[in-house]
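Below you'll find the structure, written out as structure tokens, and then a few comments.
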Amino acid sequence: MSWDLKWLAILLYLFSAQVFAQEIEIDASYPMSTEFRTLFEHDIFKSSDVGIHIVNLRTKEEVFGYQADKGMVPASVMKAITSAAALRVLGASFRFETLVFIDGEIRDNVLHGDLYIKGGGDPSLEVHHLWKIVHDLKVQGIGRVSGNVYYDNSIFGPDTHISGWNKSIDIANGPAYFPKTSSLSVNYNCLAIRVRAGQKNKEKASVFVEYPSPDITIVNDIKTVRSYTRARISISRSIQDDKMEFTVGGRVPVNQERTYYRALHSPSNYFMSQFAEVLRQNGVIVNGEHKLQDAPTDKSIFYRHRSASLGTLIKTMNKSSQNLFAESIFLMMGVQQQSPPQDIVRDYLVELGADSEDLVIVNGSGLSRDISISPSVVSLVFSDMYGSKYVQAEYLGSLSIAGIDGTLRKRFSEEDAAGKMRGKTGSLNWVFCVGGLVFGQDGDTYSVVIFMNDLKTSSVHARTLQDSFLEKLIRTSTIDK
């Protein structure tokens, strides 16, 4: 190395050391600045983008803030916003509906005409619900359909990927967290692939799909290995003309069985194949074909299947961080209000006091790096939900309980802190966020939002620092009553 390069390296080192040695400035006017000051010695504040906002929901006082008004990527904390907006727009009692229409007369257990299934975008629909629908249709006299069975997927439009997530490897392989949204959703728009090892070393393992479809084929390249060997499975997906082929390779230890989930390329076609199979297994004969086609608008509803209430659905959405639920609810707000769902959520936040120009809303799940929302805006949402006598119970019940369930079940190792927070986590590569309500030992409830973007350290270190803030807040009394 030349002397010039050596001196340059030394100067860069000294400059970086000086930057990292700089003390992070925090606003001493906040009531909890003293309690949190030592936590700002962590390198995360020097190397990453961090935003914090804490509000006492009884007094409405900001007890701490750090870059609280800076727009940042919220990751799945976005679901806490989507569920709040949906409770305000759709109402806690809203239910998705899958409708059945008939075009013809029923005589002698035969529908002389066509059967129409109109999807309502229900993200919770599973195959066992299709059995219930078919059973009820048989009870109402449909044992055979002389015409066709049509499937209407028009309410959301064509099956599509979650907006704002363009990661090429996910588009190609279809991980379970990246399902397509569809008006005709079933089984979370994912395929369950079961891998079952043989009983002896080197014996051929078996691979099968829980709910098969004519459009799905499996190439089995799995080997059974000795019981002490670690499993190593790879699943690749190829698509051609709406048909999917999964190649499953690797190894699985003797007598083990594992299940892997992959997103469907065409949820509408999969729904159609599953409904056709349920009809067949129930002895309902269809003389015609199964096709995608809009339902007639001049026919009355023959049958309707209703989902659980929105107040129940958001429990799955928030506690399990379920992307399909979030996107389907997000899209349904747009359908009901006949307006882009991004605008509906933005309008809700502006109504709470946010500046429209500071908001970038892309989807409802938070699976995007293009979303930009500040911690202080998320605090407005928590304050709104906490203060609502109409939807507070449903909203708080949907959030994970620290140390007990959901995505917070492994947080707060200290026994006296477990159960003292209800919240929502969010993470992407280099993004780690948490927000929710903390119940302090002083008897007050606090809205807490901590966003960490552009992380230069592990998520373990980020989580430890977040929990230090949260546990310190739980144990600290800031208000004399």
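Grab the helices (runs of 4 or more DSSP H) fully contained in segment 1-106, keeping just those with 1 or more residues being at pLDDT below 95.
Where helices (runs of 4 or more DSSP H) fall fully within segment 1-106 and carry at least 1 residues being at pLDDT below 95, they are 3-21, 33-36, 44-47.
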The lone exception for Ile142 - which of (1) out of contact with any helix residue (DSSP H, G or I) (no Cβ under 8 Å at 6 or more places or on another chain); (2) of a type in the set (Val, Ile, Thr); (3) under 30 Å from Val391 (Cα atoms) it fails: (3)
Selected residue [surrounded by 15 or more Cβ atoms within 10 Å (Cβ to Cβ) and either in the same structural domain as Lys118 (by TED's automatic domain parsing) or acidic (Asp, Glu) (or both)] from Ser213, Ser273: Ser273
Some residue of segment 151-163 being small (Gly, Ala, Ser) and closer than 30 Å to Gly113 by Cα: yes
Tally, over segment 321-343, of residues that are of a type in the set (Ser, Thr, Tyr) and more than 16 Å from the chain's Cα centre (by Cα): 1
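Would you pick out the residues in segment 110-145 that are among the basic types (Lys, Arg), in contact with a Leu (Cβ under 9 Å, 6 or more places away or on another chain) and surrounded by fewer than 21 Cβ atoms within 10 Å (Cβ to Cβ)?
Within segment 110-145, Arg144 is the sole residue that qualifies.
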Residues being under 17 Å from the mean Cα position of the chain (by Cα), outside any loop (DSSP other than H, G, I, E, B) and either polar (S, T, N, Q) or farther than 22 Å from Leu367 by Cα (or both) - total across segment 402-432: 3
Scan of segment 431-469 for residues that are in contact with a helix residue (DSSP H, G or I) (Cβ under 9 Å, 6 or more places away or on another chain) and among the β-branched types (Val, Ile, Thr), ordered by number: Val431, Val434, Val438, Thr445, Val448, Val449, Ile450, Thr457
Residue in segment 310-327 that is in contact with a strand residue (DSSP E or B) (Cβ under 6 Å, 6 or more places away or on another chain), polar (S, T, N, Q) and buried (at least 17 other Cβ atoms within 10 Å of the Cβ) present: yes
Lone qualifier among Phe412, Phe382 - being touching a residue at least 40 places away in the same chain (Cβ under 8 Å), closer than 22 Å to Ser459 by Cα and among the aromatic types (Phe, Trp, Tyr): Phe412
Unique match (being surrounded by 13 or more Cβ atoms within 10 Å (Cβ to Cβ) and of a type in the set (Ser, Thr, Tyr)) among Tyr150, Tyr228: Tyr150
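Within segment 159-242, considering only strands (runs of 3 or more DSSP E) that don't extend past its boundaries, which have at least 2 residues that are free of Cβ contacts under 8 Å to residues at least 12 places away in the same chain?
232-240
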Scan of segment 385-403 for residues that are over 15 Å from Leu313 (Cβ atoms), of a type outside the set (A, V, I, L, M) and surrounded by 22 or more Cβ atoms within 10 Å (Cβ to Cβ), ordered by number: Ser400
Failed item in (1) within 30 Å of Phe178 (Cα to Cα); (2) part of a strand (DSSP E or B), with Tyr446 passing the rest: (1)
Test result for Lys291, of a type in the set (Lys, Arg), within 16 Å of Lys118 (Cα to Cα) and not assigned by TED's automatic domain parsing to the domain that holds Val225: yes
Any hit, segment 248-269, residues being surrounded by 19 or more Cβ atoms within 10 Å (Cβ to Cβ) and farther than 30 Å from Ile169 by Cβ: no
Filtered residues of segment 104-134 (kept if out of contact with any helix residue (DSSP H, G or I) (no Cβ under 9 Å at 6 or more places or on another chain), touching a residue at least 40 places away in the same chain (Cβ under 8 Å) and closer than 29 Å to Leu331 by Cβ): Asp114, Tyr116, Lys118, His129, Lys132
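The values are calculated or read from the model by the stated rules, or taken from the named source; none is laboratory data. Only a predicted model underlies this, so the values are computations on that prediction, with no experimental measurement involved. Here Cβ is always computed from backbone atoms with ideal geometry, including for glycine, and neighbour counts include all displayed protein chains.
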